[in-house]
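Structure first, then comments.
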Amino acid sequence: MSDEQKTLDPAATAPSGGPATAGDSPAPDRAAPARRWALGVVAVGLVLAALNLRPAITSLGALLEEVSADLHMSGTVAGVLTSVPPLCFAVFGITAPRLARRFGPAAVVCAGMAAIFTGLVLRPFASGTAAFLAASALALMGIAVSNVLMPVIVKRYFPDRVGSMTGLYSMALALGTSVAAAATVPMTDALGGGWRLGLGVWAVLAALAVLPWLPLLRDRDADTAPPAAAAPEGPRSPASQTRAPQAPAPRITRSRTAWALGVFFGLQATGAYITMGWMPQIFRDSGVPATTAGVLLAVTMVMGVPLAFVIPRLATRMKNQGPIVVALGLCGLTGYTGLFLAPAAGAWVWAVLLGISNCSFPLALTMIGMRSRTGAGVVRLSAFAQSVGYLISIPGPLLVGVLYQHSGGWGLPIALMGGLMVPQMIVGTLAGRDRTVEDEC
């Protein structure tokens, strides 16, 4: 056990290696400050990592027209570009559990932040579409493994605060997403109007995110055994309160809940990446200025800042998360209907409603932590649900680009987006039922 692990495991503070007793009080007293410091570092690392999980995508969405023109992309190729994020998340996200077992989850997240930094530094130097895609894929690879391991980090280091910590990093993720969407165009103009510098400046934020994870590189204890009982906040069944760090990993593919959660994750990701990739262009084509279109995307994303903190806390206090799923889905259906009928006239209202709907993402992350009782289950369920989900979401942005190019308008693409909200509500309700994958496996 490493020094960091000793500071994080309350049972490790007794001199004999057993649980601390009244006679061992000096040792816990000495260890408490170090333990609080280590958890503080993890919390800072979570926030900085979350801030970097979307700017590589939303900054590109704000400048997609300029990038497409400069690199001579067609509408179909631009659709492929917006499909690259979920493809990378599916392909590279599935490797996260094995990497976490080999190197430790903190080390993998640190490497992920370094990959984001490198990809964002290289992307502005791309002279063609292939080089641009390759640099983007490197950054997205870092985002992919970090995506999968965020719920694992929370359950490992904060097992008694799953809802609040999930809300914290979800809020930071939404903040990074919205700031990148709103600030990229004005910042690009301020820096001289070149899209290359406007995209490359986000590498600075990624460099900062590497630093908090460096002290945790030696924390390589098996991610299947979190240091304390991994039970979410809110209502718990007796089985969910039982600590079972050595329990065999569940066969996720046998769980109907895991499949429902994977499909729900995929449908909400489809809507999110279509929104991030295409919504500014929808508004621009309806007569909204480019800067305003970027701000509208930012409004959509910034709705997740307060709601991403509230929804996970609310979800962990409910045995069944189905009502939240339906409420978010109805907001999305209303937003897409308005976008279809009057995109410019009600732009701000539709942006707010779609922002509320996009909070299905932190809800899905929270349900990942709640649908398994053990660290092993959370690792595998997170990798399975996110990889399956992102595979499902790959055709969405590409199909929107194809429909837009061949129909000459946004009617069919928006109808597709709205139609997907119905199955999303159905499978989300199934995934929100009060059960765990261990029970089903």
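The values are calculated or read from the model by the stated rules, or taken from the named source; none is laboratory data. Given the structure is predicted, the values throughout are model-derived calculations rather than measurements. Here the Cβ is made from the backbone with ideal geometry for all residues, glycine too, and neighbour counts use every protein chain on show. Accessible surface is based on the protein model in full, side chains and every heavy atom, while ligands, DNA and RNA are left aside. Shrake-Rupley method; radii C 1.70, N 1.55, O 1.52, S 1.80 Å.
Can you tell me which of 54-67, 427-440 comes out highest on packing, and rank the rest after it, using the mean Cβ neighbours within 10 Å?
54-67, 427-440
Shape of the range 295-412 from its Cα gyration tensor (a ≥ b ≥ c, root eigenvalues): rounded if a/c is under 1.5, otherwise prolate when a/b > b/c, or oblate?
oblate
With a 1.4 Å probe and all protein chains left in place, how much of the accessible area of the range 318-407 comes from carbon and sulfur atoms, in whole percent?
The computed percentage sits at 75.
Under a 5 Å amide H to amide H cut-off, with H placed in plane at 1.01 Å, what residues pair with L217 once short-range neighbours are removed?
none
Can you compute 3J(HN,Hα) from phi for each residue in the range 320-332, using the Karplus curve 6.51 cos²θ - 1.76 cosθ + 1.60 with θ = phi - 60°, rounded to whole Hz and x for Gly and Pro?
Result, ordered by residue: 10, 8, x, x, 5, 4, 5, 4, 5, x, 5, 4, x Hz.
Can you compute the charge dipole magnitude of the range 279-434 about its Cα centre, using +1 on each Lys and Arg Cβ and -1 on each Asp and Glu Cβ, nothing else charged? Give it in debye, rounded to the nearest 20.
580
From the phi angles alone, apply the Karplus equation (6.51, -1.76, 1.60; θ = phi - 60°) to the range 413-418 and give each ³J(HN,Hα) in whole Hz, x where the residue is Gly or Pro.
Each residue of the range 413-418 in turn: x, 5, 4, 4, 4, x Hz.
Share of Cα-Cα pairs in the range 137-217 beyond 19 Å, in percent?
The calculated P(r) of the range 137-217 puts 51 percent of pairs beyond 19 Å.
Given H placed 1.01 Å from N in the peptide plane, which residues other than close sequence neighbours of V288 have an amide H under 5 Å from its amide H?
Correct list: empty.
Please list, in order along the range 251-260, the HN-Hα scalar couplings obtained from phi with the Karplus expression 6.51 cos²θ - 1.76 cosθ + 1.60 (θ = phi - 60°), rounded to whole Hz, x for Gly and Pro.
Result, rounded to whole Hz: 7, 4, 5, 8, 9, 5, 5, 4, 5, 4.
What Kirkwood radius, in Å to one decimal, follows from the Cα pairs of the range 349-405?
Computed over the range 349-405, the radius equals 13.4 Å.
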